[in-house]
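The values are calculated or read from the model by the stated rules, or taken from the named source; none is laboratory data. What you are looking at is a predicted structure, and each value in this text was computed from that prediction instead of being measured. Glycine also receives a Cβ, built like all others from the backbone with ideal geometry; neighbour counts cover every protein chain displayed. Surface areas here come from the heavy atoms of the whole protein model, side chains and all, with no ligands, DNA or RNA. Shrake-Rupley method; radii C 1.70, N 1.55, O 1.52, S 1.80 Å.
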Amino acid sequence: MIMHHGKLRFVGSIDELRGARGADSELTIEVKADAARFAEVLGAVGATCKVTSPVVVSVDLPANATTELVFRTAKEIGVQVRGIAVRRESIEAAFLRVIGDAA
Amino acid sequence: MTQEPDRPGQSGSVGASSATANEAGGPPPGPSMRSGQTSPATRSAIGAIETSVAPSLIELDHLAKRYGPITALAELDAKIDGKIIGLLGPNGAGKSTLLKCLLGLIPHDGRASVLGLSSATRGAEIRDRVGYMPEQEAFLAGMSAVELCTYAGELSGLPRTEAMQRAHSALYYAGLEEKRYQAIDGYSTGMKQRVKLAQALVHDPEILFLDEPTNGLDPRSRDDMLELVAELPERRGCAIVLSTHLLPTSSGCATTR
């Protein structure tokens, strides 16, 4: 449980706290190469992307999209996806998010 | 032969009798149920009468607490279950106020219940079944740890002899067996925290409310305390509500088990 200013801000497990942002649509994707171009193309179809290294892209999928969009886009532009994972917040970040709007 | 009291890092083993153990400075026995204490079956029956369905450990229904113009708790609603429950928030969030409301120590608006018992009307019964480690020091000057824990046991309704046996057992669990006859005034902060934990355990509670148990502790003592706390559900069979403003304390304990 997380309290702030006399209110219960969150009730649930630590996993739920870290995944409470609708995490299935927030991904970290590792590609073989050319992460920047992959991010550009994904961005053009509505995803919010941040290139964190030459081979890693942080992706927020658009509403109602699934990982199918990632694989289809990768296939279309010939980028090899080597890893895909749901992005999770640190506990610290999740805590600050929960209390942040009232801090 | 009696069962040796439970202690972190040790598997249960057979020890000496009560008198022999105490005379030798060894571990005392830990009775499994005190005189007059309700059995699990009776507790279940009481719970059934109170709510007709199995109650959550803690239920809040529009729970509110105001101090004049200050709102300490604002219409809280929740049903909470679990073995180790972290209550996390910055200073002034209302954590200690919530615990005191749940224990029936301060009046409040709305409804709150612990183990199916109303905090407003059955506070004494709740405190019989819940151990409370307060944030502040709550020691009586000149008392030793054994005397304090025995006194706490007697306040919970235990006969003196049984309270003393349980005090030894709880202090052994808390790792204070060698210092238990010394006056608490001379204890370090870490030892005082352990005494507070022991006095909360002395009446074999079903739930333990720990209010900032790592306050004032250095990193190593903090880790020791968290290890002690994290093992309580398994070793003592009680659930934990751990209130803290320190994120590592809450997450560290919750992820230990």
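Observations on the structure shown:
- The range B:58-253 shape via C-alpha gyration tensor axes, a/c threshold 1.5: prolate
- Accessible surface of the range B:183-257 [probe 1.4 Å, protein heavy atoms]: carbon and sulfur percent: 45 percent
- Local net charge near B:ASP211, Cβ-Cβ under 11 Å (Lys/Arg +1, Asp/Glu -1): +1
- For the segment B:69-76, counting C-beta atoms of other chains within 10 Å of every residue's C-beta and taking the mean gives 3.
- On the beta carbon distance between A:GLU30 and A:ALA65, with R0 = 30 Å, the FRET formula returns roughly 0.95.
- Around A:CYS49: net Lys/Arg minus Asp/Glu count, Cβ-Cβ under 14 Å: -2
- Exceeding the 18 Å Cα-Cα cut-off - candidates A:LYS7/B:LYS79; A:LYS7/B:LYS83; A:LYS7/B:LYS65; A:LYS50/A:LYS75; B:LYS65/B:LYS100; A:LYS7/B:LYS196: A:LYS7/B:LYS83; A:LYS50/A:LYS75; A:LYS7/B:LYS196
- Sum of side-chain charges, B:THR97 neighbourhood, beta-carbon under 15 Å (Lys, Arg +1; Asp, Glu -1): 0
- Helix A:35-44 and the longest principal axis of the C-alpha atoms of chain A enclose an angle of approximately 80°.
- Simple label model, 7 Å out from Cα along Cβ direction - B:LEU140 to A:ARG97, nm: 5.1 nm
- For peptides B:68-78, B:183-193, B:231-241, B:92-102, sequence by mean Cβ density within 10 Å, most packed first: B:92-102, B:231-241, B:183-193, B:68-78
- The residues of the range B:102-201 expose, per residue, 41 Å² of accessible area to a 1.4 Å probe.
- Structural size metrics of chain A, computed from C-alpha coordinates, are Rg and Dmax of 16.2, 53 Å.
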